[in-house]
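A.B. asks: The structure that follows is given in the form of structure tokens.
Derivation of every value follows stated rules applied to the coordinates shown; laboratory data play no part. Note that this is a predicted model, so its numbers are computed, not measured. With ideal geometry, Cβ positions are generated from the backbone for all residues, glycine too; neighbour counts draw on all protein chains shown.
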Amino acid sequence: MERSRHWSIRQDDVIPPVLGQAHRLVRAALERIPDPMQRFAIDTTVGNGFDTCYLARLVEGEQRVIGCDIQKAALDSTRSALVQEGLESRVTLMHCGHEQLHAQLDPSWQENVAAIMANLGYLPRGDKSIVTRPQTTLRMMETLLPWLRIHGVMTIVAYGGHSGGQEEVDAVQTFLSNLPQQVYRVLSYAFLNQVGIPPVLFAVERIR
Ligand SMILES: C[S@@+](CC[C@H](N)C(=O)[O-])C[C@H]1O[C@@H](n2cnc3c(N)ncnc32)[C@H](O)[C@@H]1O
């Protein structure tokens, strides 16, 4: 799967790629909070650390971002990326599945998290047989959504192109479509005319 296509924002593009749009949304949610020390964020799949670094640049203070992954290689890669930018003190990295992460969060984060990112699928340049799975992804959304503050945002980028990927896209879409409208605003965002099976961004904003 060619991921760079989903990243690259050309100078004259008006419509951002899905990952660029996910970044815009979490940035908007974090920047609503004037004091960067009061911004808390979660990366549920740190992978190579691009999203974790993005979140870490938007906060200040120690351990304002928590990230997890089931692969040690992903945590190592993310740690190096953070160190390279001098951001490591802002982030806690955990070797666990995101479906278990809620049990590790400090109670002071309850209804205080501005941004949660989930970039599903496999680790780019890693073992493509290790992928996120619908059942654990659903559990992650169910257990972490209540930690969002009002106007906090969860973004989920789901890929239908690998084995089991479309089932995951469908499971995420069904789960999110059934969230109560009085509490959450939910959208999906995808390019309709890209070659292959383009990824889908889902975004959830808590409003109550
Ligand atoms: C597409 S990559 C993430 C990309 C990453 N956000 C980045 O910026 O580089 C997906 C990651 O999800 C991880 N993963 C798979 N199942 C997981 C689970 N249950 N909990 C946490 N991470 C998981 C994989 O190990 C892989 O590193």
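A.B. asks: Could you tell me the relative contact order of the range 85-208? Use alpha-carbon pairs under 8 Å, at least six residues apart, and round to a whole percent.
C.D. replies: Averaging sequence separation for qualifying contacts and normalising by length gives 25 percent for the range 85-208.
A.B. asks: Give me the dipole magnitude in Debye, nearest 20, for the range 97-208 about the Cα centre, with unit charges on the beta carbon: positive for Lys and Arg, negative for Asp and Glu.
C.D. replies: For the range 97-208, the charge dipole is close to 180 debye.
A.B. asks: Compute the distance from the alpha-carbon center of the range 28-82 to that of the range 118-193, in whole Å.
C.D. replies: Each part's Cα centre sits 18 Å from the other's.
A.B. asks: Give the calculated FRET efficiency between Glu85 and Asp106 to the nearest 0.05, with a Förster radius of 22 Å applied to their Cβ-Cβ distance.
C.D. replies: 0.35
A.B. asks: Taking K and R as +1 and D and E as -1, what net charge do the other residues with C-beta under 12 Å from the C-beta of Arg133 add up to?
C.D. replies: Taking every other residue near Arg133 into account, the sum is -2.
A.B. asks: Going by the alpha-carbon gyration tensor, a ≥ b ≥ c the square roots of its eigenvalues, is the range 119-208 rounded (a/c under 1.5) or, if a/c is not under 1.5, prolate (a/b greater than b/c) versus oblate?
C.D. replies: Prolate shape, in that a/c is at least 1.5 and a/b is the bigger ratio.
A.B. asks: Here's something else I'd like to know. With r as the distance between the Cβ atoms of Ala73 and Thr143 and R0 = 35 Å, compute the FRET efficiency 1/(1 + (r/R0)^6) and round to 0.05.
C.D. replies: 0.90
A.B. asks: Calculate for the chain the 222 nm mean residue ellipticity that helices alone would give, adding -39,500 (n - 2.57) per DSSP H run of length 4 or more and normalising by residue count, nearest 500 deg cm²/dmol.
C.D. replies: The per-residue figure over the chain is -9000 deg cm²/dmol.
A.B. asks: Calculate, in nm to one decimal, what Tyr184 and Ile15 gain on full extension: separation in residues at 0.36 nm each, minus their alpha carbon distance.
C.D. replies: 58.4 nm
A.B. asks: Now, a different point. Quick check on the chain: what does the Kirkwood estimate of hydrodynamic radius come out to from the alpha carbon pairs, in Å?
C.D. replies: When all Cα pairs of the chain are included, the Kirkwood radius is 17.0 Å.
A.B. asks: With unit charges on the beta carbon (Lys/Arg positive, Asp/Glu negative), name the residue among Tyr122, Val186, Thr45 whose Cα is farthest towards the positive pole of the charge dipole of the chain.
C.D. replies: Farthest along the dipole direction, towards plus: Val186.
A.B. asks: So what is the relative contact order for the chain, in percent, with contacts set as C-alpha pairs under 8 Å and at least six apart?
C.D. replies: 19
A.B. asks: Treating only the Cβ of Lys, Arg, Asp and Glu as charged (+1, +1, -1, -1), what charge dipole size does the chain show about its Cα centre? Round to the nearest 20 debye.
C.D. replies: For the chain, the charge dipole is close to 220 debye.
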